[in-house]
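Rule-based calculations on the coordinates, nothing more; no lab input. Note that the coordinates shown come from a computational prediction; the quantities given were computed from them, not determined experimentally. Cβ sites come from the backbone with ideal geometry, for glycine too, and all protein chains shown count toward neighbours.
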Amino acid sequence: MNHDQDDGQGEQHDQEQPARPARVNFRRGARNPNGSGAALRADVLAVLGVLKVVTYKQLHALIANDEYRTLHRTEHVAEAVRDLIKHKLVEERGRTGTIGTGKLGGPAGNKQQPSTPAGPKKPGGAGGPGEKIFGLTAAGLLAAAEALGDDREMGGYARGTGSTGAPHAMLVNEIIIAGVTGTTTHGAPPRDDDRQAPPRRALPEGPLPGGLDAWATEVAHTIVGKHTVIPDAVVRLPELGYPVLFLEADRGTMTNIGTVAAKLDNYHRWFGKLVKEGYYERPLFEITYGSLTTPEYGYLHSDVVRPPVLFVFDRGLKGSRPRFTEKGLYARMDAFGAATRQHWQGRYHEEEGVKYPSYDGKIPVLATTTDRLLAGGFLGPDTWWRYGLGTWTNLAHALDPKPDRDLIRKRRKARKDQEAIDAAAAAKAEQDALDAEQLAKLLAARAHNDTLHPCHTCKGPLGGAHGSTHELDENADPEQLECPACDHQRRRDRGRPILLDLPSDRDRRKAKRDGPPKDDPWWTVRLIHADRWTKADRKEGNIPLSM
């Protein structure tokens with residue numbers, strides 16, 4: 001049996017028809033005359049709770065990023081906004097100004113289309129070019145806190161923003177949208193149909209982790225008394241190793257770069273505030289946003305690396321023309337770095353030829369331009385310039401520029417291996433020199449000893465057999481009768497030293513006349529023994545026991 005049912009949009013469908021996607025509008029009633037659903041209105045409040053002031057298209061970009069909201073169009077978001085205006089939770093703040101180039105930070109981008117076709121002004125609107133800007137009321141800020149559903153610091157509701165076109169807020173919004181959705185209108189083709197949001201180009205590396213809930217704006221950080229630091233945006237990124245990052249956008253309206261640099265002076269003062277926790281003092285920023293490490297005994301707050309501060313430099317507009325050329329914008333970045341050097345400059349170290357900095361007690365200061373950010377995204381490979389690092393790099397490396405430990409270990413091992421090789425070569429060269437010196441000494445001694453009489457026992461060279469372990473490397477004693485080997489053996493056997501027989505008078509006369517006898521190579525030693533131990537000494541037994 002078929003029953004017709006009303007789907008709330010004035011159309012009839014059979015019950016057996018396939019289920020339709022979740023509705024984005026509901027039956028109009030007195031309480032919500034524009035037909036928006038409660039869930040969509042809560043999403044609008046959540047976005048406004050983070051961004052504070054938005055346009056329809058910015059709302060749509062963040063809401064349609066939700067997988068459950070992909071079917072929503074800009075007019076659905078507009079209906080939710082109008083219902084929230086009726087409940088006095090949202091109010092219209094004005095319209096965006098005329099964007100001369102249609103791009104944040106450059107001349108080539110999507111032109112901002114007026115939110116209504118050209119014609120007579122509508123009652124209650126600001127009229128003129130640009131898009132309507134909406135913000136929260138005081139009651140809406142409380143409702144937004146409930147919609148966000150977490151115990152967070154909501155910040156203010158930017159009461160005066162929008163009366164002059166809110167160019168700064170629109171720039172910050174586009175930066176946050178790029179971080180949350182991983183998309184941008186930068187470089188996407190324009191769309192002529194103003195009733196739909198412009199197409200968005202996906203960034204190469206996607207969005208930041210954490211989604212919209214990780215962001216906050218208009219959050220005041222009290223230094224002392226009425227002196228506060230109010231970042232353009234705050235984002236929590238524990239996934240990247242930092243509990244919190246602070247973001248500042250610069251459109252070039254402050255001509256004195258020292259005024260921009262003074263922002264870091266205020267950050268430095270707030271980062272230096274200490275709070276007593278138990279027996280220790282801890283930095284206030286760790287108490288406020290948490291720390292990834294648990295302080296140990298002896299914890300020194302002066303050694304803690306401060307939270308990063310990210311500066312996005314935009315070319316801005318002066319009338320219908322950019323304030324800065326691309327070269328001028330990078331010069332402004334350089335001037336900002338020079339003016340804030342005392343806050344970010346670390347100490348530099350070198351290991352194995354690898355140079356790296358350490359930033360204890362310093363503020364990590366990162367900078368980029370809107371062009372770079374919206375071209376490559378927050379996680380792009382060369383989006384960020386960290387002052388003191390000296391190169392364009394990705395966000396993870398810019399936040400934590402650790403040295404390449406693998407390269408250091410590889411180089412250290414190679415160095416030690418080479419040192420071992422060099423030491424071995426030096427030792428070998430030294431030993432070779434000693435061996436050569438010893439060999440020269442041995443050969444000289446051998447040449448001398450070979451001219452002496454032979455060993456009385458073995459009849460070999462007096463200096464010892466050539467190449468033997470007992471061969472002398474010095475000149476042998478001319479009175480010596482045995483080579484070292486035979487002398488050593490005799491001593492082991494406890495034999496008496498050799499004592500040559502006395503020469504006869506006839507042999508003496510003959511040797512005196514004809515020279516030493518050729519059949520007696522030990523003649524010279526025989527004469528020495530004869531003079532040293534006479535016949536009487538020998539008869540009485542006065543002969544040496546050792547020689």
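Could you give the C-alpha radius of gyration of the range 220-403 expressed as a fraction of 2.2 N^0.38 Å, taking N as the number of residues it contains? Write out the running numbers ahead of the final one.
Numbers: Rg = 17.1 Å, N = 184, 2.2 N^0.38 = 16.0 Å.
Cα-based Rg divided by the globular estimate yields 1.07.
Take the cross-link list 52/226; 355/416; 263/318; 355/410; 510/535 and give me the ones stretching past 26 Å between alpha-carbons. Mind dumping the intermediate values first?
Numbers: 52/226 22 Å; 355/416 19 Å; 263/318 23 Å; 355/410 15 Å; 510/535 20 Å.
The answer is none of them.
Treat each spin label as a single point 7 Å out from the Cα along the C-beta direction, and report the residue 532 to residue 420 distance in nm.
A separation of 5.6 nm, rounded to one decimal place.
Show me the trypsin sites (Lys or Arg not before Pro) within the range 360-464 that DSSP assigns to loop and that have at most 12 other Cβ atoms within 10 Å of their Cβ. Show your work: numbers first, answer last.
Working: sites: 362, 372, 386, 405, 409, 410, 411, 412, 413, 415, 416, 428, 441, 446, 459; in loops: 362, 459.
Sparse-neighbourhood loop trypsin sites (Lys or Arg not before Pro): 459.
In whole Å, what are the Cα extents of the range 496-547 along the three principal axes, biggest one first?
Cα extents, longest axis first: 34, 19, 13 Å.
Using the 10 angstrom Cβ neighbour count as an exposure proxy, how do 399, 310 rank, fewest first?
By the 10 Å Cβ count, ascending, the order reads 399, 310.
Starting from the amide H of residue 221, placed 1.01 Å from N in the peptide plane, find each other amide H under 5 Å away whose residue is 5 or more places distant or on another chain.
Counting only residues 5 or more places away or on other chains, the set is 229, 230.
Using the Karplus equation 6.51 cos²θ - 1.76 cosθ + 1.60 (θ = phi - 60°), what ³J(HN,Hα) coupling, rounded to whole Hz, does each residue of the range 217-229 give in order, writing x for Gly and Pro?
9, 6, 8, 8, 10, 6, 8, 7, x, 8, 7, 9, 10
Mind checking the full-extension length gain between residue 542 and residue 291? Use 0.36 nm per residue of separation minus the Cα-Cα distance, one decimal, nm. Mind dumping the intermediate values first?
Values: separation 251, 0.36 × 251 = 90.36 nm, distance 10.02 nm.
Fully extending the segment from residue 542 to residue 291 adds 80.3 nm.
Under a crude label model (7 Å from the Cα following the beta-carbon direction), how far is residue 441 from residue 341 in nanometres?
So the two model labels end up 6.3 nm from each other.
Looking at the range 350-435, I'd like the Rg to Rh ratio, where Rg is from alpha-carbon atoms and Rh is Kirkwood's inverse mean 1/r. It would help to have the intermediate numbers written out before the result.
On the way: Rg = 21.6 Å, Rh = 16.2 Å.
Ratio of gyration radius to Kirkwood radius: 1.33.
Can you pull the percent of Cα pairs in the range 390-547 with separation above 18 Å? Kindly include the intermediate steps, with their values, before the conclusion.
Numbers: 9168 of 12403 pairs.
Summing the P(r) of the range 390-547 above 18 Å gives 74 percent of all pairs.
From the alpha carbon gyration tensor of the range 444-521, can you work out the equivalent ellipsoid semi-axes (sqrt of 5 times each eigenvalue) and give them in Å, largest to smallest?
On the way: eigenvalues 135, 57, 14 Å².
For the range 444-521, the semi-axes come out at 26, 17, 8 Å.
P(r) of the range 404-492 in 10 Å steps, Cα pairs, percent per bin?
Each 10 Å bin holds this share of Cα pairs: 16, 30, 16, 13, 11, 9, 5, 1.
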